1. Could you tell me how far the Cα centroid of the stretch 188-235 sits from the Cα centroid of the stretch 363-432, in Å?
2. Enumerate the amide H contacts of Leu381 below 5 Å, restricted to partners 5 or more residues apart or on another chain; note that Pro and chain-start residues carry no placed amide H.
3. Charges only on Cβ, +1 for Lys and Arg, -1 for Asp and Glu: so what's the dipole of the chain about the Cα centre, in debye to the nearest 20?
4. Once phi is turned into θ = phi - 60°, what whole-Hz ³J(HN,Hα) does the Karplus curve with 6.51, -1.76 and 1.60 give for every residue of the stretch 269-276, x standing for Gly and Pro?
5. In sequence order, what are the phi-derived ³J(HN,Hα) couplings for the stretch 230-235 according to the Karplus relation 6.51 cos²θ - 1.76 cosθ + 1.60 with θ = phi - 60°, rounded to whole Hz, with x for glycine and proline?
6. Just tell me the longest site-free run in the chain, where the sites are GluC sites (Glu not before Pro) in a DSSP loop having at most 16 other beta-carbon atoms within 10 Å.
7. Beyond a 25 Å Cα-Cα separation, which of these cross-linked pairs lie in this structure: Lys41/Lys297; Lys13/Lys274; Lys168/Lys326?
8. If I model a spin label as a point 7 Å beyond the Cα along the Cα-Cβ vector, how far apart are those points for Ile256 and Lys297 in nm?
Amino acid sequence: MMNLPQNYLDEMKELLGEDYDRFLASYDRVPRPGLRIHTGKLAAGKARELLPFHLEPVPWISNGYYYGAEDIPSRHPYYFAGLYYLQEPSAMTPASLLPVHPGDKVLDLCAAPGGKATELGVRLRGEGVLFANDISNSRAKALLKNLELFGIPNMFVTSEDPGRLLEKFPEYFDKILIDAPCSGEGMFRKDPKMIAGFEERGPEYYAGIQKQLVLQAADMLKSGGMLLYSTCTFSRKENEDVISFLLKEREDFDVICVPRYEGFSDGLGEGSIKNCVRIWPHRMGGEGHFAALLQKKPHRQENEDCKGALPLKETGRPGKQAKAGKLPEAAANFLSRVSLPFSSTPIADGNILTKDDRLYLIPDQALILPGIRYLRTGLYLGDMIKGRMFEPSQALAQALTADGFDSCISFSAEDIRTIKYLKGETLEIGDLAAGNAKGWQLVCVDGWPLGWGKANGGTLKNKYYSGWRWQ
């Protein structure tokens, strides 16, 4: 067994009692890797039929699967098509417990690298807004890539201090998820390197950060809205104690009971704290996680005689709206050939923002505010070249289906040209029906978009984004 800190073992023995030996024995078992299906592109029930991996359902996640140790799903073209996200099974739990619906304004406050944000974005189905933030700029860049790989069109990605966001968005969001930075006790088995971080900065260090984050998030939540707090650690200081702190400081919050699955454990404590969820590696096929779903009590109308809560409404207005621009003619001509299946925002004048010759489709212009560090505002459509030519973006390709563009080339996953395309190579396509085509082509694998190419004389010039190429 790995060398675990004694103070950690002492705490686990106190928390688990007679279950302690079973818990300790779990460290001798190999962690089970998982992937989560993008249900906007592939029905979860079709995963085992399509994906060439040894898949077994994660019992408590409807679109989650374990895969075999011999499988390498990150080295398959379907990964590059955004059909699934590689995620540890217990980490799939928080996003599954937050009831997100199309049209919601959703904030993922500590979102990098995107495992939870991608799921929240898929469940919005292009309606409403996903606001994904991470205070680390480098981590926020990884978050942006994963959201674009998943083809999420209605997103804003920021790298901002949560306190700054609170200044701009008081009581604004319908749903908020905080997967808080933590001591990482629940991931020791999966990633032993986290033990060194625990020994340097343990639960006491993170608890202060978590309490500040949960209050900031609480004040960004609308009346009647829901907040999901989670960590990948076991310490009560970082879990139940943080929830108790929130309930004391914000009396308009309640802990909501969520569906229980076999192996879920209640929160450690009395009253509504028991509604929290704990995942232990000796009871379930995953690592360690904690989750608590809370609701902000709806405000009631003055003199309202117990007739029920008011519907959700915008109690905070972010500020002056950004000015939208007009589509340049070359962009308008190209984009007239595009049909966005996952976006409720039409590609039209009034919804377009232009910055440094880049065009963006903006789902909600009221969210573009001065003083916020944005990495992405809406769907990046493409670039105007020398003011007269339009070049579509990788993000746009990922947001489409095969019939979302009027000229498409689809290779099978077994065709060597699929890998060559992902490596950025020029392709010969004379044997295909599209061999006589000219101009822009949406390049797909088995009907799922990968990127763009330009056809001419039986040759396809590769336009796959260089930063994402198969290495």
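The values are calculated or read from the model by the stated rules, or taken from the named source; none is laboratory data. The shown structure was predicted, so the numbers you read here are calculated from the model rather than taken from an experiment. Cβ: placed from backbone, ideal geometry, glycine included. Neighbour counts: every protein chain shown. Quick note on the areas: whole protein, heavy atoms, side chains included, nothing else; ligands and nucleic acids left out. Shrake-Rupley method; radii C 1.70, N 1.55, O 1.52, S 1.80 Å.
1. That distance is 36 Å.
2. Leu359, Tyr360, Leu361
3. Numbers: 57 positive and 60 negative charges, 308 e Å.
Computed charge dipole of the chain: roughly 1480 debye.
4. With coefficients 6.51, -1.76 and 1.60, one gets x, 10, x, 5, 4, 5, 6, 5 Hz.
5. After applying 6.51 cos²θ - 1.76 cosθ + 1.60, I find 8, 9, 10, 9, 9, 4 Hz.
6. 128-250
7. Working: Lys41/Lys297 36 Å; Lys13/Lys274 20 Å; Lys168/Lys326 27 Å.
Lys41/Lys297; Lys168/Lys326, as the Cα separations exceed 25 Å there.
8. So the two model labels end up 1.6 nm from each other.
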